[in-house]
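The values are calculated or read from the model by the stated rules, or taken from the named source; none is laboratory data. Worth saying up front: this structure is predicted, and the values here are computed from it rather than measured. Cβ placement follows ideal geometry from the backbone for every residue including glycine, while neighbour counts extend to all protein chains displayed. Just so you know, the surface numbers come from the protein's heavy atoms only, side chains and all, with ligands and any DNA or RNA stripped out. Shrake-Rupley method; radii C 1.70, N 1.55, O 1.52, S 1.80 Å.
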Amino acid sequence: MCFREKALLLSYDLTNRYTLTAPVNVTWEITSRCNLRCRHCLSADLMDACHRELDFEESRRFIDSLDRMEVFQVNFGGGEPFLREDFLDILDYAHEKQITTCVSTNGTMVDEALASRLAGMDYMYIQVSLDGAAADANDAIRGKGTFERVISGIEALNRHGFPNLSINTVVMRSNFREILRIYELGRTYGAKTRLSRFRPSGNARRVWEEYRLDRSQLEELSQFLSAHKDVLTGDSFFSITARDRRELGLNMCGAAKMTCSVAPDGTVYPCAFLQDPRFRAGNILDESLESIWQSAAPFEALRSVKIASCEECGRFSLCHGGCPAVAYFLTQSLDRPDPECLAPSPGGSLARDSLGGATDHVRTV
């Protein structure tokens with residue numbers, strides 16, 4: 001059973017305060033090292049503060065614990081995971097345990113040899129980051145020359161027949177008008193398009209006002225997603241998508257309910273976007289992930305969040321208040337609704353976007 005199917009089956013129980021005995025999905029920021037310095041980097045604070053990494057034996061023991069907990073999938077991120085000399089061995093060990101893996105990479109280190117090795121792995125997905133359909137937009141965010149290097153990596157994976165490839169774009173004011181072109185670019189390589197919401201974590205807090213989408217752009221993004229249901233989205237898009245995408249994924253935040261995040265040094269957080277001292281839940285070198293998952297105070301706090309102001313909203317069944325990370329970093333509170341959440345208009349009329357797709361008309365609140 002795939003992660004999305006499990007998410008759909010479990011969403012009702014989660015809404016009613018059911019706590020899983022283990023996360024379905026774990027994000028593991030396996031290194032803080034990176035060869036890029038992206039302006040919106042989620043992990044920028046980790047790169048500055050986190051120099052300890054789990055070594056290979058510690059990583060094996062952690063994978064053993066994930067196997068015991070029956071964790072379905074591990075999302076590897078960083079930093080840049082392929083900077084770790086032992087990363088392919090770590091992947092192999094996870095696959096021996098039949099744990100599905102997804103690697104988020106900037107793509108610049110993927111050459112012919114690496115692409116060939118990755119194409120031979122089972123249980124494997126790769127997500128390559130690209131923030132523009134051409135060099136000018138992408139390189140303004142990720143650094144000069146990165147567009148050509150990323151495309152070279154994608155082409156190498158394509159030549160070696162890697163089957164499970166997606167291109168991930170963080171949607172910002174600077175690349176908002178390029179989404180369709182990025183989507184078409186991905187299709188030329190047989191890659192799915194995945195859009196990530198720009199959220200005020202890491203470096204994004206420093207450039208939030210420069211890159212955040214305004215209200216009309218959020219509405220237009222919602223309409224684009226309705227017109228392109230094959231586009232994958234990150235786990236916070238439920239707060240801005242229309243009802244016609246309701247069955248395409250989880251309808252609420254999964255942090256501490258279905259997923260959690262592990263930093264390079266083993267520190268556990270509810271999600272990668274809540275890597276803040278307030279949300280440190282423990283460290284896997286000091287206690288088991290099982291224990292942290294079941295009883296850590298920050299996890300219990302997130303599981304108990306109840307946003308009363310949202311419960312009468314017509315969109316409540318779609319988003320349950322939206323993304324707690326956006327609410328926390330913009331309002332310093334978990335008990336506030338996602339400030340970018342969209343609510344249905346009183347008339348419930350339909351609007352037709354520029355690409356010809358009908359969707360529920362939305363306005364911001």
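For region 100-235, take every pair of Cα atoms, bin their distances at 10 Å starting from 0, and report each bin as a whole percent.
All Cα pairs considered, the percentages come to 12, 43, 33, 11, 1.
Across region 147-155, in residue order, what do the Karplus-derived ³J(HN,Hα) couplings come to in whole Hz, using 6.51 cos²θ - 1.76 cosθ + 1.60 with θ = phi - 60° and x for Gly and Pro?
Values per residue, Gly and Pro as x: 4, 4, 5, 5, 4, 4, x, 4, 5 Hz.
Loop-only GluC sites (Glu not before Pro) in region 251-342, please: DSSP not H, G, I, E or B, and at most 11 other Cβ atoms within 10 Å.
Qualifying residues, ordered by number: GLU311, GLU312.
Counting C-alpha atoms alone, how compact is region 122-173: give Rg to one decimal and Dmax as a whole number, in angstrom.
In Å, with Rg to one decimal and Dmax whole: 11.8, 37.
How large, in Å, is region 163-322 by the Kirkwood hydrodynamic radius built from its alpha-carbon pairs?
17.4 Å
Longer than 29 Å from Cα to Cα, which of LYS97/LYS192; LYS192/LYS306; LYS97/LYS306; LYS97/LYS257 are they? Say none if no pair is.
Check vs 29 Å cut-off fails for LYS192/LYS306; LYS97/LYS306.
Placing unit charges on C-beta atoms (Lys and Arg positive, Asp and Glu negative, everything else neutral), compute the dipole magnitude of region 84-192 about its Cα centre in debye, rounded to 20. Before the final figure, lay out each step's value.
Working: 12 positive and 15 negative charges, 95 e Å.
Charge dipole, region 84-192, about its Cα centre: 460 debye, nearest 20.
How much FRET efficiency would the formula 1/(1 + (r/R0)^6) give for SER288 and SER116, where r is the Cβ-Cβ distance and R0 is 35 Å, rounded to 0.05?
Working from the Cβ atoms, E equals 0.40.
In region 49-155, carbon and sulfur make up what percent of the accessible area (probe 1.4 Å)?
Within region 49-155, the accessible surface is 45 percent carbon and sulfur.
Which of TYR183, ASN164, VAL150 sits farthest toward the positive end of the charge dipole of region 144-198, with +1 on the Cβ of Lys and Arg and -1 on the Cβ of Asp and Glu?
Checked the options; the winner is TYR183.
Of all accessible surface on region 190-326 at a 1.4 Å probe, what whole percent is carbon and sulfur? Intermediate values should be presented prior to the final figure.
Values: 2370 of 5070 Å².
Reported share for carbon and sulfur atoms: 47 percent.
Only Lys, Arg, Asp and Glu count, each charged at its Cβ (+1, +1, -1, -1), so figure out the dipole size of region 181-329 about its Cα centre, rounded to 20 debye.
Numbers: 20 positive and 18 negative charges, 71 e Å.
So the magnitude is around 340 debye.
Round to the nearest 0.05 the FRET efficiency obtained for TRP208 and ASN164 when R0 = 35 Å and r is the Cβ-Cβ distance.
Approximately 0.60, to the nearest 0.05.
Tell me the per residue accessible area of region 105-147 using a 1.4 Å probe; a whole number in Å² is fine.
38 Å²
Give me a comma-separated list of calculated 3J(HN,Hα) values for region 263-279, in order, Karplus coefficients 6.51, -1.76, 1.60 applied at θ = phi - 60°, integers in Hz, x for any Gly or Pro.
Listing the rounded values in order: 7, x, 8, x, 5, 9, 10, x, 7, 5, 8, 10, 7, 10, x, 4, 9 Hz.
Please list 3J(HN,Hα) in residue order for region 32-43, calculated via the Karplus relation 6.51 cos²θ - 1.76 cosθ + 1.60 where θ = phi - 60°; whole Hz, with x for glycine and proline.
After applying 6.51 cos²θ - 1.76 cosθ + 1.60, I find 9, 6, 8, 8, 10, 9, 5, 5, 10, 4, 5, 9 Hz.
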